[in-house]
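What follows is a set of notes on a single structure, which appears directly below.
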Amino acid sequence: MGLREMWRLMSRFNSSKRTNIILQHLRMSKHTDAAAEVLLERKGCAGVITLNRPKFLNALNLSMIRQIYPQLKKWEQDPEAFLIIIKGAGGKAFCAGGDIRVISEARKANQKIAQDFFREEYMLNNAIDSCQKPYIALIHGITMGGGVGLSVHGQFRVATEKSLFAMPETAIGLFPDVGGGYFLPRLQGKLGCFLALTGFRLKGRDVYAAGIATHFVDSEKVINKMSPTSLKITLRQLMEGSSKTLQEVLTMEYRLSQACMRGHDFHEGVRAVLIDKDQSPKWKPADLKEVTDEALNNHFKPLGSNDLKF
């Protein structure tokens, strides 16, 4: 499913809520206070998975797998959930891998956790690959081993300049698992073989260039400097435009242009960028949360006799 099909699927949901959901989760989670190891939340049209062990770089354990798998299956069947987002708490790591220390120590205690862990982890990898809903992994920060398995099999993987990707299993007497034998040989040239044998770390934009990520964004420059009103207008414009004709889009954009001319931010942006050139526009409102649904909807309202006509 491409981005256009994803927008069309999501178009059944209230457009202002869709916009809020996507913009909110394009921002990376830096702080999460809840005690749970994994947070599973429905936020509007999105099912959101937050790996919540920042002190352990969000390392994946069996308990987390057993929470994520059934919830993923549930959201997949939920007609009100149009996409699934997975991210890591803390800002340093998406997921640094499986909690292998616990697995090794369990063997010493004659526990069979290793059998259950690998079996259920691989089942989760397969469920991500076969998921019928758009699955979006925000691979911000360290993404290794088990974290690769939680992301690389999904439809969309968004890297940032702080992404750090590696499959370092040969350094601990293992092999690049979680489907490494599938996705690594499918990378261009012999890159997958190189990554598998050496544990070499790809950083930032290289994760995207290698084909491991499907998209790249700069975590500091995505969004925060832009007009909050313009961001919400633009995202809704693209969502609605994906299913409109060119004339319908131009009519919509004429309405938007006139609303922007009546508003504050366009004139403030021209002042900051082209006139005073201080590059410090003072947006009103200044935060995404302050852009109300009513204000957003007003930009898209028909103009009556003043509407664009072909």
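The values are calculated or read from the model by the stated rules, or taken from the named source; none is laboratory data. As the structure is a computational prediction, the values presented were derived from the model and not from experiment. Methodologically, a virtual Cβ is constructed for each residue, glycine included, from the backbone with ideal geometry; neighbour enumeration extends over all protein chains shown. Protein only, heavy atoms only, side chains kept; ligands, DNA and RNA dropped before computing areas. Shrake-Rupley method; radii C 1.70, N 1.55, O 1.52, S 1.80 Å.
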To the nearest 20 debye, segment 61-108 has a Cα-centred charge dipole, built from +1 on Lys and Arg Cβ and -1 on Asp and Glu Cβ, of 320
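When Rg is the radius of gyration of the Cα atoms in the chain and Rh is its Kirkwood radius, what does Rg/Rh come to?
Working: Rg = 22.1 Å, Rh = 21.3 Å.
Ratio of gyration radius to Kirkwood radius: 1.04.
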Could you provide, to the nearest whole Å², the per residue accessible area of the chain with probe 1.4 Å? 53
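Could you order the peptides 291-299, 229-237 from most to least packed, using the average number of other C-beta atoms within 10 Å per residue? Don't jump to the answer; show the numbers that get you there.
Values: 291-299: 15.3, 229-237: 20.1.
Answer by packing, highest mean first, reads 229-237, 291-299.
Below 8 Å, C-alpha to C-alpha, sequence gap of six or more: please give me the relative contact order for the chain in percent.
Numbers: 506 pairs, mean separation 44.5, N = 310.
Normalised by residue count, the contact order of the chain is 14 percent.
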For the chain, what % of the accessible area comes from carbon and sulfur atoms, probe 1.4 Å? 54
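Give me the dipole magnitude in Debye, nearest 20, for segment 104-210 about the Cα centre, with unit charges on the beta carbon: positive for Lys and Arg, negative for Asp and Glu. Intermediate values should be presented prior to the final figure.
Numbers: 12 positive and 9 negative charges, 38 e Å.
Roughly 180 debye, rounded to the nearest 20.
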To the nearest Å, what is the center-to-center distance of segment 165-192 and segment 226-271, using C-alpha atoms only? 44
Cross-link reach from residue 74 to lysines, straight Cα distance under 24 Å and at least 8 residues apart if same chain, gives 17, 43, 87, 133
Considering only DSSP beta bridges where both residues belong to the chain, give the percentage that are antiparallel (nearest 5). 30
By the mean-Cβ-within-10 Å protection proxy, highest first, 42-50, 208-216 rank as 42-50, 208-216
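Kirkwood Rh and Cα-based Rg: tell me the resulting Rg over Rh for segment 124-244, rounded to two decimals.
Details: Rg = 16.5 Å, Rh = 15.7 Å.
Reported Rg/Rh, Kirkwood definition of Rh: 1.05.
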For the chain, the dipole about the Cα centre with charges only on Cβ (Lys and Arg +1, Asp and Glu -1), to the nearest 20 debye, works out at 120
Listed peptides 277-290, 160-173 by packing density, highest first (mean Cβ within 10 Å): 160-173, 277-290
